[in-house]
Amino acid sequence: MTRHNVFYNADYVSSEYAFDTTRKSGVLAAALKHDGSADVVDPGQFTEQTRELIDRLHSPDYVQAVRTGAPSDLAESQGFDWDPKLPSMAIAHSAGLVAAVSEVLTSTARVAGSLSSGLHHARQDRGAGYCTFNGLAVATAEALDRGAERILVLDFDAHCGGGTRSMTSPAAVVQIDVSTVMFDSWQPSTSWDCLTHSGPDSYLDDIAAALQLAGRAGSFDLVLYNAGMDPANTGVSNVDLALRERMVAEWAAEREQRLVYALAGGYTGGGITMEDLVALHRLTVDAFCDGTSSE
């Protein structure tokens, strides 16, 4: 089993608003620390750097609203009730990705993860769909600042990543989505960008086609993988999601591709307990432990 760093700290779950997006990372981090299957690392040293990136990418009025809670319609535009810890929670989820990007671009590590959620729907001037700041856009900015020239955002969350596409340049960032719900859909503008509407019956075929397209798209300095488990909430089986994670991990390993993953979506309800949800997200961590090389 190949170990890799997974970034997390208590700020990920510090907001008073209790929801899967603001709580599940803490449960998963405790499980990973208990069994030692991955190294859970605090990204706190990247907090100020992440604040600066957020200030650069998001509008001043929106950032100020999130920090102060006013006006409330803007501060709560992602769907959470505002409280004084919400800003540090949202910044931490992006800081984990900044830390992971820094690691894979400046060390021998090829893969790193962050227990981050609530990212890909946020726009430049507002939140949306439980996403406060767009950590994927922030991570692409960090990568570009570190010399990356071409980045792939591979988004397999159940929902589309329209926020990310709206905040990144198609000239530098290729985005390939396979979604089971067309919320936050976006229009591809290049021959490599792709948004596929999938479902339980065609899911693995659509994942395979997306990875084949990514392979044909050429070389990338970095892949950002938004590894949502919420397709389980729309009928995709746990078996198929486990196979999906193996497919992505093997695709990246075969190409010696530097990759950073985030947890992204995944929710309790409909028979899915928090224990079930954590087990689903463990599929991502385990796939990249078993199917990757750190050098």
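The values are calculated or read from the model by the stated rules, or taken from the named source; none is laboratory data. All figures in this text were calculated on a predicted structure; none of them were measured in a lab. Virtual Cβ from ideal backbone geometry, glycine too; neighbours counted across all protein chains shown. Side chains are part of the model used for accessible areas, which takes the heavy atoms of the whole protein and leaves out ligands, DNA and RNA. Shrake-Rupley method; radii C 1.70, N 1.55, O 1.52, S 1.80 Å.
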Which numbered condition residue 115 misses (of (1) surrounded by fewer than 24 Cβ atoms within 10 Å (Cβ to Cβ); (2) out of contact with any strand residue (DSSP E or B) (no Cβ under 6 Å at 6 or more places or on another chain); (3) at pLDDT 95 or above): (1)
Residue in region 206-240 that is most open to solvent (accessible area, probe 1.4 Å), counting only those that are of a type in the set (D, E, K, R) and touching a Phe, Trp or Tyr at 6+ places or on another chain (Cβ under 7 Å): 240
Only listed residue being more than 21 Å from residue 122 (Cα to Cα), open to solvent by 30 Å² or more (accessible area, probe 1.4 Å) and of a type in the set (A, V, I, L, M, F, W, C), chosen from 13, 6, 41: 41
Every pair of residues 6+ apart whose Cβ atoms lie under 9 Å, when the first sits in region 208-230 and is among the hydroxyl-bearing types (Ser, Thr, Tyr) while the second is open to solvent by 10 Å² or more (accessible area, probe 1.4 Å) and not in a helix (DSSP H, G or I): 219/150; 219/255; 219/257
Among residues of region 221-231, those that are in contact with a helix residue (DSSP H, G or I) (Cβ under 8 Å, 6 or more places away or on another chain) and more than 16 Å from residue 285 (Cβ to Cβ), counted: 5
Region 163-194, residues that are touching a His at 6+ places or on another chain (Cβ under 7 Å), open to solvent by less than 40 Å² (accessible area, probe 1.4 Å) and either part of a loop (DSSP other than H, G, I, E, B) or closer than 23 Å to residue 216 by Cα (or both): 164, 179, 184
Of all residues making up region 20-56, the number that are over 17 Å from the mean Cα position of the chain (by Cα) and within 15 Å of residue 117 (Cβ to Cβ): 1
Enumeration of residues in region 178-218 that are under 25 Å from residue 129 (Cα atoms) and of a type in the set (A, V, I, L, M): 178, 181, 182, 195, 207, 210
Residue satisfying condition, being touching a residue at least 40 places away in the same chain (Cβ under 8 Å), surrounded by fewer than 23 Cβ atoms within 10 Å (Cβ to Cβ) and part of a helix (DSSP H, G or I), within set 104, 27: 27
Qualifying positions in region 30-72 - in a helix (DSSP H, G or I), closer than 23 Å to residue 139 by Cβ and of a type in the set (S, T, N, Q): 45, 47, 49, 50, 64
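Conditions tested, residue by residue: (1) within 15 Å of the chain's Cα centre (by Cα); (2) farther than 24 Å from residue 289 by Cα; (3) charged (D, E, K, R).
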| position | (1), (2), (3) |
| --- | --- |
| 119 | yes, no, no |
| 131 | yes, yes, no |
| 197 | no, yes, no |
| 208 | no, no, no |
Answer from 277, 243 - the residue that is open to solvent by less than 50 Å² (accessible area, probe 1.4 Å) and in contact (Cβ under 8 Å) with a residue 12 or more places away in the chain: 277
Matching option when the condition is part of a loop (DSSP other than H, G, I, E, B) and closer than 20 Å to residue 252 by Cβ, among 148, 143, 139: 148
